[in-house]
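Read-outs: derived from the displayed coordinates by stated rules, not from any lab. Bear in mind the structure is a predicted one, so any value in this text is a computation, not a measurement. Cβ coordinates were reconstructed from backbone atoms using ideal geometry, including for glycine residues, and neighbour counts include every protein chain displayed.
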Amino acid sequence: MDFNSHNDGVVLVAVGLVNALTPGERRGRPFPVPADLPAAATEGLRNGYPNHREVGESDAGELAEVAERLRVVFEAVSSGDVDTAAGQVNRLLDESRARPRLDRHDGEPWHLHFHGPGGTLAGDWAASCATGLAIVLGSEFHDRLGVCTAPHCDRVYVDVSRNGTRRFCSTPCQNRVKTAAFRARTRTP
Ligand SMILES: [Zn+2]
């Protein structure tokens, strides 16, 4: 999947924010609200932009709220409800007042950014993530957002495989399920 490399990075940020900031379960274990919210928010942003600067306390709190709203999109697509996902993305586009603007920085060619009007880091990322997911949902790859299907895991992913067969958030979850299936097959009756 390659909408354009910039958008792929933005979608990875959406995935990273949901996985780092929304409580639930992760790879078989409970995943509480992170104790160090700025560190978790920074980790989420670096999922798409590895050199992203560290996030402060107030931006981190705002990003945690954004992440909760982004999670709704992944969960809706995962359960086959693209209508709900699209409605949620439209709400996020409205709230973040995402506006397109061509930018050029860090030696990159001109590319489209979608920022909010407030100029805050969290506001800009809310607008960017909403637009990134809108581009995915408006494309033939709309079913490529997902929630891990391994037991006791609700982390999310974007499936960039050629044939779109990804089901797990991570290799550890894939291995947990494989091992369980193998044990079930080899258990003596
Ligand atoms: Zn998982």
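Scan the range 71-101 for residues that are free of Cβ contacts under 8 Å to residues at least 60 places away in the same chain, assigned to a helix (DSSP H, G or I) and touching a helix residue (DSSP H, G or I) at 6+ places or on another chain (Cβ under 6 Å) and report the count. Count: 9. Does Ala86 satisfy the criteria of being more than 16 Å from the ligand (Cβ to nearest atom), farther than 23 Å from Glu54 by Cα and small (Gly, Ala, Ser)? Against the criterion (more than 16 Å from the ligand (Cβ to nearest atom), farther than 23 Å from Glu54 by Cα and small (Gly, Ala, Ser)), Ala86 qualifies.
Restricting attention to the range 129-146, the residues that are farther than 12 Å from Phe168 by Cα, in contact (Cβ under 8 Å) with a residue 40 or more places away in the chain, not in a helix (DSSP H, G or I) and not polar (S, T, N, Q) total 1. The requirement of being aliphatic (A, V, I, L, M), touching an Asp or Glu at 6+ places or on another chain (Cβ under 8 Å), more than 16 Å from the ligand (Cβ to nearest atom) and not in a loop (DSSP other than H, G, I, E, B) is satisfied by Ala126.
Candidates in the range 14-70 are the residues that are β-branched (Val, Ile, Thr) and without any contact (Cβ under 8 Å) to a residue 60 or more places away in the chain; of these, the one that is surrounded by the most Cβ atoms within 10 Å (Cβ to Cβ) is Thr22. So, in the range 19-49, how many residues would count as being more than 17 Å from the chain's Cα centre (by Cα) and among the charged types (D, E, K, R)? Result for the range 19-49: 2.
Residues that are within 10 Å of the ligand (Cβ to nearest atom), within 15 Å of the chain's Cα centre (by Cα) and not in a loop (DSSP other than H, G, I, E, B) within the range 147-177 comprise Val147, Val156, Tyr157, listed in sequence order. Pairs are defined by a Cβ separation below 6 Å, a sequence spacing of at least 6 or placement on different chains, a first member in the range 151-177 that is free of Cβ contacts under 8 Å to residues at least 24 places away in the same chain and closer than 15 Å to Arg26 by Cβ, and a second member that is near the ligand (Cβ under 8 Å from one of its atoms) and in a loop (DSSP other than H, G, I, E, B); the pairs so defined are Phe168/Cys148; Phe168/Ala150.
All of (1) under 14 Å from the mean Cα position of the chain (by Cα); (2) surrounded by 21 or more Cβ atoms within 10 Å (Cβ to Cβ); (3) farther than 22 Å from Gly24 by Cα hold for His115 with one exception: (1).
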